[in-house]
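These notes are about the structure you will find just below.
The values are calculated or read from the model by the stated rules, or taken from the named source; none is laboratory data. Please read these numbers as outputs of a predicted model, since none were measured by experiment. Because the Cβ atoms are built from the backbone with ideal geometry, glycine has one as well, and the counts that use them run over all protein chains shown.
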């Protein structure tokens, strides 16, 4: 491998070692900006896991107009809290947020430039962690204006800078301190009936206008943001950007990104393969975000400012998505950061009224979205992979409380009620029959009960809880939750081999169509996906699922049927009912997280060559270096981590078991630089688009005939060597004695 150079920037020492480019040069933030129905990705400018994030505001990539210039995006897929609108023209045309025709847009993870063509204004942008700088060049010989807008808050001019806040939901405010290097000629405020003199404005679309004399000019604008107060926003600005140029910020940002992405070195494959890999990896650093500011952070979970005691505090992590592969990926590349993230979850539980593990922690607190309580999986997974800098006893208690004291009803933070009592007594969530009205107050009128999805997800959570109890030596609770983790059996229909909704009397709902019953998003039975997806949602006990289905061959046949059974309706009708279940191969959906582990399940029944074939086909079809290169919602790393793992050649099917399933590596050589200063290497000799099948394997020099390996095999450093070919070796890894373990794992 050719060493290109060594860079030292801001105390960051980076050795860059790529044969044909720096890692961040492969990143395409526009990948997946358009898809079937939903908007999968946004071209986000940010540093890894940093608080400050921006992207051009428009309807989607094809949007013809920019809505001002963003200052901070406070949530994944959110709109900008503040907007900056440069303008030349008649003062009476000024609005709180100005729309622009634009051209020549160039965007990287660390930089942005655009030309506002009708305004004849050039914009250049450089970003840091909690501050940034705009460089705005006005080309017309006219008065120049800067409009600073807070959509719901207050702004003030103190003679040198703009400061203020925007009120977010609940108790959270985001603060701004914005200082132009070139001082304006005059200041005014924008009211509904036009502009007038003033330096203070409050309310909806609060807007200050900075006016400059006639003439061409370039204005440099530094700003900092904070969730603590305006003074901290100023401190963040002074610390990070005040002495630097946009070009210097961009250079530093590039180096920071290369360090993060360079933890994974790849060789072989096409340029597009590399672009898909590093773009997906870049998405994995979008969330969660560190909101510690010089040792303090504001917590929306109790509305207070806390000392972080030397450990960064992270939030904005949609755990329903991220526990599957995003957290496990970070265990490999950033174990110290993962420990701080999990520690943050425990602090959130302490800070909330009830000691409940969060489910969807955001900047504004826990939104309790989706179903189940999957943070418990990330704790046991991290602990069993050697991460110990968090209190496992606290994790057990907070997780147990979330499963027993909080309702299991989706999208609800209410206490447990009638539905939860039924689950404890009967072992499943009951479904309503057609025409039966909902009477339970904690059930969302839109999200419904999602009874099968909740039953299956809770069974997995209870297995995770049982495993934590085992690690803590809590024998009775280990046995109790181990038994409850089999509750998925209560909804298994032995005649159809599907998980089937039951009513409160214990009778299967009939008639029932596993494709289309359940209403919008199948929420009256499942959740966002239909019964074909949830047929495989027993991550913790695949071996038992195989037995329920009647053995390995029937299990394989059912998997084959998943990929070959037609949608059953035209795409318009199908996606009108199931808008999240896109990226279809038959009934399989590549576009939603509950499907991510499914292609690897052939390994459990003696046909790993089908996993190898399927993974390569899915990657080629649905993840591409183009605008439609992501098949559905990319929830800040939830789906992209599947791509990273799968292109490397392995995947964590069961978070909580310290093992990985082998797939089919895309690259001839991949190196993971581990957090313990060791590295794990995957060699896939002869790998190509055709040569996707494993012919033979060695692990650390020894012949390897198992389609899986352990975390210990990775973390102590080593090499997985695969010989690849274009015709499947159906014998490799096929012995039933070599299938991946389920439910428990003994070294």
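Of all the listed residues (175, 138), the sole one being buried (at least 22 other Cβ atoms within 10 Å of the Cβ) and either over 37 Å from the mean Cα position of the chain (by Cα) or in the same structural domain as residue 278 (by TED's automatic domain parsing) (or both) is 138.
Scanning region 203-256 for residues that are in contact (Cβ under 8 Å) with a residue 60 or more places away in the chain, part of a loop (DSSP other than H, G, I, E, B) and under 30 Å from the mean Cα position of the chain (by Cα) yields a count of 3.
Which of the strands (runs of 3 or more DSSP E) contained wholly in region 631-747 include at least 1 residues that are without any contact (Cβ under 8 Å) to a residue 40 or more places away in the chain and in contact with a helix residue (DSSP H, G or I) (Cβ under 7 Å, 6 or more places away or on another chain)?
Details: elements: 659-662, 669-673, 679-685, 693-699, 708-710, 718-725.
Counting at least 1 such residues, we get 693-699.
Does residue 47 qualify as being in contact with a helix residue (DSSP H, G or I) (Cβ under 7 Å, 6 or more places away or on another chain), in a loop (DSSP other than H, G, I, E, B), outside the structural domain of residue 283 (by TED's automatic domain parsing) and touching a residue at least 40 places away in the same chain (Cβ under 8 Å)? Yes; evaluated as a whole, the condition is true for this residue.
Within region 310-329, the set of residues being over 23 Å from residue 74 (Cβ atoms) and not in a helix (DSSP H, G or I) comprises 310, 323, 324, 325.
Being surrounded by 18 or more Cβ atoms within 10 Å (Cβ to Cβ), closer than 16 Å to residue 545 by Cβ and under 32 Å from the mean Cα position of the chain (by Cα) narrows it down to one of 485, 466, so name that one.
Values: 466 fails: closer than 16 Å to residue 545 by Cβ.
Result: 485 is the single residue among 485, 466 that is surrounded by 18 or more Cβ atoms within 10 Å (Cβ to Cβ), closer than 16 Å to residue 545 by Cβ and under 32 Å from the mean Cα position of the chain (by Cα).
If you check 332, 387, 403 for being over 26 Å from residue 74 (Cβ atoms) and assigned to a loop (DSSP other than H, G, I, E, B), only one passes: 387. Residues of region 628-650 that are within 18 Å of residue 26 (Cβ to Cβ) and modelled with pLDDT of 95 or more: 629, 630, 640, 641, 643, 644, 645, 646, 647, 648. Taken over region 679-699, the residue count meeting the criterion of being under 20 Å from residue 652 (Cα atoms) and either exposed (fewer than 14 other Cβ atoms within 10 Å of the Cβ) or not assigned by TED's automatic domain parsing to the domain that holds residue 612 (or both) is 0. Restricting attention to region 59-80, the residues being closer than 23 Å to residue 284 by Cα and over 18 Å from the mean Cα position of the chain (by Cα) number 6.
Residues to consider are 491, 507; find the one that is assigned by TED's automatic domain parsing to the domain that holds residue 412, closer than 30 Å to residue 573 by Cα and surrounded by 14 or more Cβ atoms within 10 Å (Cβ to Cβ).
Working: 507 fails: surrounded by 14 or more Cβ atoms within 10 Å (Cβ to Cβ).
Residue meeting the stated conditions: 491.
Inspection of region 294-311 identifies no residue that is under 30 Å from residue 632 (Cβ atoms), crowded, with 19+ Cβ neighbours inside 10 Å and within 15 Å of the chain's Cα centre (by Cα).
Please state which one of 710, 654, 703 is under 28 Å from the mean Cα position of the chain (by Cα) and surrounded by fewer than 24 Cβ atoms within 10 Å (Cβ to Cβ).
Numbers: 654 fails: surrounded by fewer than 24 Cβ atoms within 10 Å (Cβ to Cβ); 703 fails: under 28 Å from the mean Cα position of the chain (by Cα).
Criteria check complete, one pass: 710.
So for region 101-123 (the condition being closer than 15 Å to residue 180 by Cα and modelled with pLDDT of 95 or more), does at least one residue qualify? For region 101-123, residues closer than 15 Å to residue 180 by Cα and modelled with pLDDT of 95 or more: present.
Based on what the data block shows, is residue 601 assigned to a helix (DSSP H, G or I), farther than 25 Å from residue 318 by Cβ and at pLDDT 95 or above? Criteria not met by residue 601.
With the structure loaded, tell me whether residue 522 is modelled with pLDDT of 95 or more, in contact with a helix residue (DSSP H, G or I) (Cβ under 8 Å, 6 or more places away or on another chain) and buried (at least 23 other Cβ atoms within 10 Å of the Cβ) or whether it fails that test. When the stated conditions are applied, residue 522 passes them.
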